[in-house]
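Nothing in this text is a laboratory measurement; each read-out follows from the coordinates by a stated rule. Here the structure is a predicted model, which is why all the values come from computation and not from measurement. Positions of Cβ are generated from backbone atoms using ideal geometry, with glycine treated the same way; all protein chains shown enter the neighbour counts.
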């Protein structure tokens, strides 16, 4: 087996002073000998930069890069990767943390199978407790098999109402070659920039994928995250993500994107609370119904599964019966 390759750990930082020490301590504790840690500070306003500077002073082997203006998490990742020396890259969000064995396990699989991407499973961490996010794709997959997974359950596994494999950039070891090409696809997105980059990299630059069943990455959920915002606030961001996924060339989305979109349109509405004001609900539904990407893949798609077509939410939206849809939403929310 070849010598242990250098792995570059890229950590974008923005307003995470309460969580940053645990993150950096976990990275310094990784028991893999050939690593570099690159911190990209994106103009925090909460004192995070002071913590970064203190760690840099105590651990000179850390690399600290400071943006002159806030650019967002994807630009910070791009800055980090552009300053790496490693053959592989691992992203860690600055409010998360990792197991000490993460690189030993991921690099071992990458070398064994000459993989372009190795994916670990995720612990979802909140209020001091955690659970494993259930996913269903494990094993070693070549290009043909990745394509089969793509149409089967990689993007959307309806048995768990999630992607069959975590589509976060974090929790993965990724070969650096061609990575920037996928990262730039997500610039400007407030939500889903990592999903877009992972999907693009899998589609266009991955010859071998390894997904292991071992959870090694702790994804922290807290109220300051974009994903914790209300559904009404996030619809425009969902729509932008779907438009960019649809624009990836070389693959036929068929009903894959339809099922992924419906996963958000249907369960998000009925499992997460919206404002009680029916005007807010109706405004959100109009945003969806009038979006060209939703029309294309949901309402004008003749091959959309019958299970979706028969759903009352689909019927009400298709025929713009927004008030009826709100009453159904209200009843469902009341019951649950």
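Residue 17 versus residue 287, label points 7 Å from Cα toward the beta carbon: distance in nm?
In this crude label model, residue 17 to residue 287 measures out at 3.1 nm.
Helix 102-113 sits at what angle to the longest principal axis of the chain, using alpha carbons and giving 0 to 90 degrees rounded to 10?
Helix 102-113 sits at roughly 80 degrees to that axis.
So for the pair residue 251, residue 327, with labels modelled 7 Å out along Cα→Cβ, what separation do we get in nm?
4.1 nm
Once segment 7-224 is represented by equal point scatterers at the alpha-carbon sites, with solvent omitted, what log10 I(q)/I(0) does the Debye formula produce at q = 0.09 Å⁻¹?
-0.33
Label-point separation (nm) for residue 318 and residue 127, each offset 7 Å from Cα along Cα-to-Cβ?
Once both label points are built, they end up 4.1 nm from each other.
Using alpha carbons only, how many degrees (0 to 90, rounded to 10) separate the axis of helix 48-58 from the longest principal axis of the chain?
Roughly 20 degrees, rounded to the nearest 10.
Length gain on complete extension for the stretch residue 148 to residue 280, per 0.36 nm per residue less the alpha carbon to alpha carbon distance?
43.5 nm
Please arrange 11, 332 by how many other C-beta atoms lie within 10 Å of their C-beta, fewest to most.
Fewest-to-most Cβ neighbours within 10 Å comes out as 332, 11.
Could you work out how much longer the chain between residue 204 and residue 82 gets when fully extended? Use 0.36 nm per residue separation minus the Cα distance between them, nm to one decimal.
Result for the pair: 41.9 nm of gain on full extension.
Given the options 192, 80, 129, which has the most mean-square fluctuation in a GNM of the chain, springs set between C-alpha atoms less than 10 angstrom apart?
129
How would you rank 253, 262, 235, going from fewest to most other Cβ atoms within 10 Å of each one's own Cβ?
253, 235, 262
Connecting C-alpha atoms closer than 10 Å in a GNM of the chain, tell me which of 182, 126, 94 has the biggest fluctuation.
Sorting by GNM fluctuation, first place goes to 126.
Listing 48, 292, 303 from the residue with the fewest other Cβ atoms within 10 Å to the one with the most, what is the order?
303, 292, 48
Pairing the Cα long axis of helix 322-335 with the longest principal axis of the chain, what angle in degrees results, from 0 to 90 and rounded to the nearest 10?
Once rounded, the angle reads 60 degrees.
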